[in-house]
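Data first, discussion second: the structure below is written as structure tokens.
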């Protein structure tokens, strides 16, 4: 983000990386800071720092949108690479419909299964409907 928004980060401060260590490990099991936590910290008001992001109007709004899109893309990439951890073999509904021969495989499902906790996913929408 500092390379894209050099007006918001004039000193070239570092952006998020996967190896930023957490200062305290009190109640959170992860020892690194997530992308969402990093940008939530950057967006908050501080007494000793200027509020450049909030005062930049439309550029700040575009920054918020890009940060949200980056966080969602990172989460989707994680779901894609950790399908074995999500126990996708338990979702036998796709296999059942294919075995019944009612519909074609193209309309039955997709290549990756999203958990019901992913906001905006089809399982999340059906759970909250």
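The values are calculated or read from the model by the stated rules, or taken from the named source; none is laboratory data. Just so it is clear, the model here is predicted, and its values are computed rather than measured. Every residue, glycine among them, receives a Cβ derived from its backbone with ideal geometry; neighbour counts consider all protein chains shown.
Answer yes if at least one residue in the range 73-93 is in contact with a helix residue (DSSP H, G or I) (Cβ under 8 Å, 6 or more places away or on another chain), within 16 Å of residue 16 (Cα to Cα) and either in the same structural domain as residue 15 (by TED's automatic domain parsing) or modelled with pLDDT of 75 or more (or both), and no otherwise.
Looking for residues that are in contact with a helix residue (DSSP H, G or I) (Cβ under 8 Å, 6 or more places away or on another chain), within 16 Å of residue 16 (Cα to Cα) and either in the same structural domain as residue 15 (by TED's automatic domain parsing) or modelled with pLDDT of 75 or more (or both), one finds at least one in the range 73-93, hence yes.
Conditions: (1) more than 27 Å from residue 119 (Cα to Cα); (2) modelled with pLDDT of 75 or more. Residue 54 meets all but one. Number of the miss?
(1) is the only condition that residue 54 fails.
Pairs under 8 Å by beta carbon, first residue more than 17 Å from residue 10 (Cα to Cα) in the range 48-65, partner assigned to a helix (DSSP H, G or I), six or more apart or different chains?
64/43
Is it the case that residue 63 is within 14 Å of the chain's Cα centre (by Cα) and either surrounded by 13 or more Cβ atoms within 10 Å (Cβ to Cβ) or at pLDDT 80 or above (or both)?
The answer is no for residue 63.
When you look at residue 59, is it over 24 Å from residue 121 (Cβ atoms) and outside any helix (DSSP H, G or I), yes or no?
Answer is no for this residue.
Considering only residues of the range 22-51 that are in a helix (DSSP H, G or I) and touching a helix residue (DSSP H, G or I) at 6+ places or on another chain (Cβ under 8 Å), which is surrounded by the fewest Cβ atoms within 10 Å (Cβ to Cβ)?
Per the stated criteria, the residue is 43.
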